[in-house]
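Report on the following structure.
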Amino acid sequence: MKRAKCLLVVSVMLNILFIFKEFVLLPRKELTDETVPDRISFNRIAQHNLEETTDDLSKLGRTEAPAWVYNSTAADRFRSELETCCNGSHNLLVTQSNTAANTTIQYDAEKKTKLQVTSEIWNKFPQKTPFRYKKYASCSVVGNSGLLKDSGCGREIDSADFVFRCNLAPIDERFVTDVGKKTNLVTINPSIVKNRYLGLKNTTLKDRFVADLSRYGSAYVWMPAFSFKMCTPRSFAVQTTLKEYKSKLSVVFGNPNFMLAMNKYWKSNGVKATRISTGLFLASAALSICGEVHLYGFWPFHVDKNNVALTEHYYDNSLPHKMHKLPDEFAKLQQLHREGILQLRTDSCS
């Protein structure tokens, strides 16, 4: 009898602990870009995002002018402002011309961390930047919002002279109608190298990585090697692997001076975030090296204008990074759109 009561008590306690873990501890668990949340925690966060979205959209009002017209005067004025603060046409990338050997690099996200530029590291940098002020007449910057699903924007995106893409977003046949496939620069978050490809530790992982990247042709692969210390070995590993496999892709590293200056610029202009997103960074870079800039998939909400639910990305439903303030960024891009400085595409292209 006593044994049965003890087993009953133990069973009840285990159930209580399970419920406590599922409904209290789990929602507080830190989620990374590669984390796949369970159904309970995701539904709670999705519901919270949906409530926030409704509030944000009600404040935003009309998202864009009925017919967008490029204002070259306003665009040149704003481009000049960005050049003055951040010098993107020269400092977008780390190069041998803007970073001397035997000097130090200051990480932009870790104020106390510096890297000594040895001759070996210096030889990883291109001699000079391949970009210059307004080098390209038109550029497409492709975000990854679920709004791109069934947008039919692929052909329009690919018609630009230069196309930027974020974080190895897929461009295979499932998505080409909506997002296109032309790629001139694609970014990689170093966390992808760790979580998806386990740091490229063996030949099998390298084979898969190189095969996955082959879809981007001969694009530049941009990596924030000097944002956090942990980014450096992962970024160098990507460059080494692609060279080892004689890939047509060229790995380039974001200049921490440019990234720090761009973060400061947008913070001083109302984006209250720890760091700006990759999307806003690319849009800003595009404004330095392109004439007309067209943005696609920049929509930080989980419903569209008709309150139809959207997935986080056009290819999956992972959770957003809390470090960024995407509605703040969207509001700034809206303003630039209305002034004719860039086009923020939030409607179907078909």
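Of the listed requirements (1) out of contact with any strand residue (DSSP E or B) (no Cβ under 7 Å at 6 or more places or on another chain); (2) in a loop (DSSP other than H, G, I, E, B); (3) closer than 30 Å to Cys349 by Cβ, Lys182 misses just one: (1).
State all residues of the stretch 88-123 that are part of a helix (DSSP H, G or I) and of a type in the set (Phe, Trp, Tyr); if no residue qualifies, say none. Within the stretch 88-123, just Trp122 meets the criteria.
For every residue, the table says whether it meets (1) among the small types (Gly, Ala, Ser); (2) modelled with pLDDT of 95 or more; (3) in a helix (DSSP H, G or I); (4) touching a His at 6+ places or on another chain (Cβ under 9 Å).
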{"residue": "Lys194", "(1), (2), (3), (4)": "no, yes, yes, no"}
{"residue": "Ala211", "(1), (2), (3), (4)": "yes, yes, yes, no"}
{"residue": "Ser218", "(1), (2), (3), (4)": "yes, yes, no, no"}
{"residue": "Ala225", "(1), (2), (3), (4)": "yes, yes, no, no"}
{"residue": "Thr232", "(1), (2), (3), (4)": "no, yes, yes, no"}
{"residue": "Thr241", "(1), (2), (3), (4)": "no, yes, yes, no"}
{"residue": "Ala273", "(1), (2), (3), (4)": "yes, no, no, yes"}
{"residue": "Ser284", "(1), (2), (3), (4)": "yes, yes, yes, no"}
{"residue": "His294", "(1), (2), (3), (4)": "no, yes, no, no"}
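Residue pairs whose Cβ atoms lie under 8 Å apart, separated by 6 or more positions or on different chains, with the first residue in the stretch 136-153 and in contact (Cβ under 8 Å) with a residue 12 or more places away in the chain and the second hydroxyl-bearing (Ser, Thr, Tyr) and assigned to a helix (DSSP H, G or I), are Gly152/Thr177. Number of residues in the stretch 71-105 that are open to solvent by 60 Å² or more (accessible area, probe 1.4 Å) and closer than 16 Å to Phe253 by Cβ equals 3.
Of Asp161, Asp150, Asp108, all but one fail to be touching a helix residue (DSSP H, G or I) at 6+ places or on another chain (Cβ under 6 Å) and charged (D, E, K, R); the exception is Asp108. Close contacts from the stretch 60-87, counting a first residue that is more than 25 Å from Gly297 (Cα to Cα) and assigned to a loop (DSSP other than H, G, I, E, B) and a second that is modelled with pLDDT of 90 or more and open to solvent by less than 60 Å² (accessible area, probe 1.4 Å), with Cβ to Cβ under 8 Å and a gap of 6+ residues or different chains, come to Asn87/Phe258; Asn87/Ala261.
Return a yes/no flag: does the stretch 320-339 have any residue that is at pLDDT 95 or above, in a loop (DSSP other than H, G, I, E, B) and surrounded by fewer than 19 Cβ atoms within 10 Å (Cβ to Cβ). Yes, that holds for at least one residue.
Checking every residue in the stretch 222-235 against the condition of being at negative phi, buried (at least 22 other Cβ atoms within 10 Å of the Cβ) and β-branched (Val, Ile, Thr) gives zero matches.
So is Leu260 open to solvent by 30 Å² or more (accessible area, probe 1.4 Å) and either on the phi > 0 side of the Ramachandran plot or part of a helix (DSSP H, G or I) (or both) or not? Give the derivation first.
Values: open to solvent by 30 Å² or more (accessible area, probe 1.4 Å): yes; either on the phi > 0 side of the Ramachandran plot or part of a helix (DSSP H, G or I) (or both): yes.
Answer is yes for this residue.
Scoring Ala283 on the criteria (1) within 28 Å of Met223 (Cβ to Cβ); (2) surrounded by fewer than 23 Cβ atoms within 10 Å (Cβ to Cβ) leaves a single failure, condition (2).
For the stretch 200-220, the set of residues classified as open to solvent by less than 30 Å² (accessible area, probe 1.4 Å) and either under 20 Å from the mean Cα position of the chain (by Cα) or not β-branched (Val, Ile, Thr) (or both) consists of Leu200, Leu205, Phe209, Leu213, Tyr216, Ala219, listed by residue number. For the stretch 248-274, name all the residues that are under 26 Å from Thr103 (Cα atoms) and basic (Lys, Arg). Answer for the stretch 248-274, where residues must be under 26 Å from Thr103 (Cα atoms) and basic (Lys, Arg): just Lys264.
Filtering the stretch 154-173 to residues that are touching a residue at least 24 places away in the same chain (Cβ under 8 Å) and assigned to a loop (DSSP other than H, G, I, E, B) leaves Ala160, Asp161, Cys166, Asn167, Leu168, Ala169, Pro170, Ile171, Asp172.
The values are calculated or read from the model by the stated rules, or taken from the named source; none is laboratory data. Just so we're clear, the structure is a prediction, and the values are computed from it rather than from any experiment. Cβ atoms come from the backbone with ideal geometry, glycine included; neighbour counts cover every protein chain shown. SASA here: full protein model, heavy atoms, side chains in, ligands and nucleic acids out. Shrake-Rupley method; radii C 1.70, N 1.55, O 1.52, S 1.80 Å.
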